[in-house]
Amino acid sequence: MTIHIGALPGDIAETVLLPGDPYRAKWAAETFLEDAKLVNDVRGMLGYTGMWNGHYVTIQGSGMGMPSLSIYANELIRDYGAKTLIRIGSCGGMQPQVAVRDIVIAMTASTISTPSRGIFKELNFAPCADYALLRAAVDAAQAKGVTTHVGGIYSSDVFYDERPELNEQMTRHGILGVEMEAAELYNLAARHSVRALAVLTVSDHLQTGEALPAEDRERSFGDMVDVALTAAFK
Ligand code: HPA
């Protein structure tokens, strides 16, 4: 047990999927895993472990934003021995060709700051995905026929952003979408020599204002879970 995760040693798999929303962890575990067992409910941040195609997998909520994700990812890696961590979440589209329902696979994650800022100081470290995982996820997403974009994303500290000009610069530099967790996951993976990836569904679009209707969210989220699991065990 750790401060934020109540699981016993051995109850957490080496492969962990990290949705921001704990109820999505519950839904994904009940939908995709066999013999899914609740392994964490500290602070309601639900985590489940079960089997997928003969592989032991944990699906653990990470909460919203990098400080929250950092707590769970640190404990999963340092205390439970997680080796492959895949964020599954949503992002806001930032390019005209990136449409709602598409999948964005994050090769890199730009930020203003992360919880690792104190270590990096003046260094602009470039957090990037594990290449083998990224490649496997791209193959899996394309095999499912989901329109998939691979490139840089922006991990923001704010959902209600008061700096539209910053978003414009991100768009100008080809950033595909904005979310709030991936950069710190990639930083931690680099620091601890484990594998990380973020697979994201475009849930809304900053330029068009389009948003994924509630009834479509489950299917898009399911596609993403499937892509993440397939990539993890390729
Ligand atoms: N901003 C930040 N995070 C997000 C967004 C957004 O517009 N959409 C989904 N996650």
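The values are calculated or read from the model by the stated rules, or taken from the named source; none is laboratory data. These numbers come from a predicted model, not from an experiment. Here the Cβ positions follow ideal geometry from the backbone for every residue, glycine too, while neighbour counts run over all protein chains shown.
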Matching entry among Thr58, Thr84, Thr49 (being over 15 Å from the mean Cα position of the chain (by Cα), over 28 Å from Val158 (Cβ atoms) and touching a residue at least 12 places away in the same chain (Cβ under 8 Å)): Thr49
Restricting the first residue to region 175-192 and requiring it to be more than 12 Å from Asp130 (Cβ to Cβ) and part of a loop (DSSP other than H, G, I, E, B), which pairs with a second residue that is aromatic (Phe, Trp, Tyr) and within 9 Å of the ligand (Cβ to nearest atom) meet a Cβ separation below 9 Å and a spacing of at least six or different chains? Ile175/Tyr154; Leu176/Tyr154; Met180/Phe159
Keeping to region 13-46, report how many residues are without any contact (Cβ under 8 Å) to a residue 40 or more places away in the chain and either of a type in the set (Gly, Ala, Ser) or part of a strand (DSSP E or B) (or both). 10
Out of all the residues in region 142-152, is one or more away from the ligand (no atom under 16 Å from the Cβ), more than 22 Å from Thr171 (Cβ to Cβ) and touching a Leu at 6+ places or on another chain (Cβ under 9 Å)? no
Of Arg101, Arg117, the only residue that is closer than 18 Å to Val146 by Cα and of a type in the set (D, E, K, R) is Arg101
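Of the residues Ala214, Ala232, Ala182, which single one is away from the ligand (no atom under 14 Å from the Cβ) and at pLDDT 95 or above?
Ala232
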Of everything in region 83-105, what is part of a strand (DSSP E or B), within 12 Å of the ligand (Cβ to nearest atom) and not β-branched (Val, Ile, Thr)? Give them in sequence order. Arg87, Gly89, Ser90, Cys91, Gly92, Gly93
Checking the structure you have, find out if any residue of region 193-200 is under 20 Å from Leu18 (Cα atoms), part of a helix (DSSP H, G or I), touching a Ser or Thr at 6+ places or on another chain (Cβ under 6 Å) and touching a residue at least 12 places away in the same chain (Cβ under 8 Å). no
Among the candidates Asp204, Asp157, Asp161, single out the residue that is within 16 Å of the ligand (Cβ to nearest atom), in a strand (DSSP E or B) and surrounded by fewer than 21 Cβ atoms within 10 Å (Cβ to Cβ). Asp204
